[in-house]
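The values are calculated or read from the model by the stated rules, or taken from the named source; none is laboratory data. Since the model is a prediction, treat every value here as computed from it, not as a measurement. As a convention, Cβ positions derive from the backbone with ideal geometry for all residues, glycine included, and neighbour counts pool all protein chains shown.
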Amino acid sequence: MPDPIRIALLGALQGTGAHVKPSVALEALTASQARKRPHKKLATIWEQLGHMVYWQDIMLTRLRGRTPSYPKHDVDGWPPMPPLRDSKEVWADLVAHFEAGLKAAERIARTKNLSALMIPTDKRTFADQLGSLAIHNSYHLGQIVTLRRMIGAWPPPSGADSW
């Protein structure tokens, strides 16, 4: 019998149903577009993805049974953009890092006992942490889509849902 929790977690991580597909949200974005700030009070797409990768790495550390170090302040979870001259390669590396982390989370979602505790001294299960990761990513991917609309970079070349 299929495991509905596992199916739901994988769907959320991969971007099915109400969740935007990560590959579509980031498709064909250039470093220059990712650096654009449509309003001074908004994070850029780059900053959004940097924040997602930061927390995804922390959650993957927990999912691997280790205790990560946490930031002291919220702002520490928002890595700064690199200097403009380094943008193209660093952006490609950031996207690849995010995608590799997603694949690692999907492998864990497929193979672990989701009701087991990640760390024996903790009260969180694999399902809890994978759910947090999926929800966090989904939230920020939605913001990335909104930012793409604001800078005129939506929809991506493959198209997107349109009502």
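Applying the criterion of being of a type in the set (Gly, Ala, Ser) and assigned to a loop (DSSP other than H, G, I, E, B) to the residues of the stretch 1-46, the residue that is nearest to Leu133 (Cα to Cα) is Gly15.
Out of all the residues in the stretch 124-145, is one or more part of a loop (DSSP other than H, G, I, E, B) and over 18 Å from Val24 (Cβ atoms)? Step through it out loud before you land on a result.
Initial filter on the stretch 124-145 (part of a loop (DSSP other than H, G, I, E, B)): 124.
Now drop any that are not over 18 Å from Val24 (Cβ atoms), which leaves 124.
Yes: one or more hits.
Comparison of Val53, Val24 shows that the only residue that is β-branched (Val, Ile, Thr) and more than 30 Å from Ile119 (Cα to Cα) is Val24.
Would you check if Ala153 is under 25 Å from Pro38 (Cβ atoms) and touching a Phe, Trp or Tyr at 6+ places or on another chain (Cβ under 8 Å)? No.
Would you pick out the residues in the stretch 23-34 that are without any contact (Cβ under 8 Å) to a residue 60 or more places away in the chain and farther than 11 Å from Arg148 by Cα? Steps first, please.
The first filter runs over the stretch 23-34 and keeps only residues without any contact (Cβ under 8 Å) to a residue 60 or more places away in the chain, leaving 32, 34.
Correct list: Ser32 only.
Take the residues of the stretch 123-149 that are in contact (Cβ under 8 Å) with a residue 24 or more places away in the chain and either small (Gly, Ala, Ser) or loosely packed, with under 15 Cβ neighbours inside 10 Å (or both): which is farthest from Lys36 (Cα to Cα)? Give the steps one after another, and end with the answer.
Here is the first cut: in the stretch 123-149, the ones in contact (Cβ under 8 Å) with a residue 24 or more places away in the chain are 124, 126-127, 129-138, 140-145, 147-148.
From the residues that got through so far, the ones that are either small (Gly, Ala, Ser) or loosely packed, with under 15 Cβ neighbours inside 10 Å (or both) too are 124, 127, 131-132, 134-135, 138, 142.
Values: Arg124: 38, Ala127: 35, Gly131: 30, Ser132: 28, Ala134: 26, Ile135: 25, Ser138: 21, Gly142: 17 Å.
Per the stated criteria, the residue is Arg124.
Scanning the stretch 1-40 for residues that are surrounded by 15 or more Cβ atoms within 10 Å (Cβ to Cβ), within 11 Å of the chain's Cα centre (by Cα) and not hydrophobic (A, V, I, L, M, F, W, C) yields Gln14, Gly15, Lys21, Pro22. Can you pull out the residues in the stretch 146-155 that are in a helix (DSSP H, G or I) and in contact with a Pro (Cβ under 6 Å, 6 or more places away or on another chain)? Once the filter is applied, which keeps residues that are in a helix (DSSP H, G or I) and in contact with a Pro (Cβ under 6 Å, 6 or more places away or on another chain), the stretch 146-155 yields only Met150.
Sub-8 Å Cβ pairs linking a first residue in the stretch 1-22 that is in contact (Cβ under 8 Å) with a residue 60 or more places away in the chain to a second residue that is loosely packed, with under 15 Cβ neighbours inside 10 Å and among the hydroxyl-bearing types (Ser, Thr, Tyr), at least 6 apart or interchain, are Gly15/Ser23, ordered by first then second residue. Suppose we keep only residues that are hydroxyl-bearing (Ser, Thr, Tyr) and out of contact with any Phe, Trp or Tyr (no Cβ under 9 Å at 6 or more places or on another chain) within the stretch 113-131. Which one would you say is modelled with the lowest pLDDT? Out of the qualifying residues, it is Thr121. What pairs come out if I take residues in the stretch 98-122 that are touching a residue at least 24 places away in the same chain (Cβ under 8 Å) and under 26 Å from His51 (Cα atoms) and pair them with residues that are outside any loop (DSSP other than H, G, I, E, B) and of a type in the set (Val, Ile, Thr) whose C-beta lies under 6 Å away, six or more apart or interchain? Note: pairs meeting the criteria are Phe98/Val53; Leu114/Ile5.
Being part of a helix (DSSP H, G or I) and within 15 Å of the chain's Cα centre (by Cα) is a property that does not hold for Ala109. The set of residues in the stretch 41-79 that are under 19 Å from Leu94 (Cβ atoms), of a type in the set (D, E, K, R) and surrounded by fewer than 18 Cβ atoms within 10 Å (Cβ to Cβ) comprises Asp57, Asp76.
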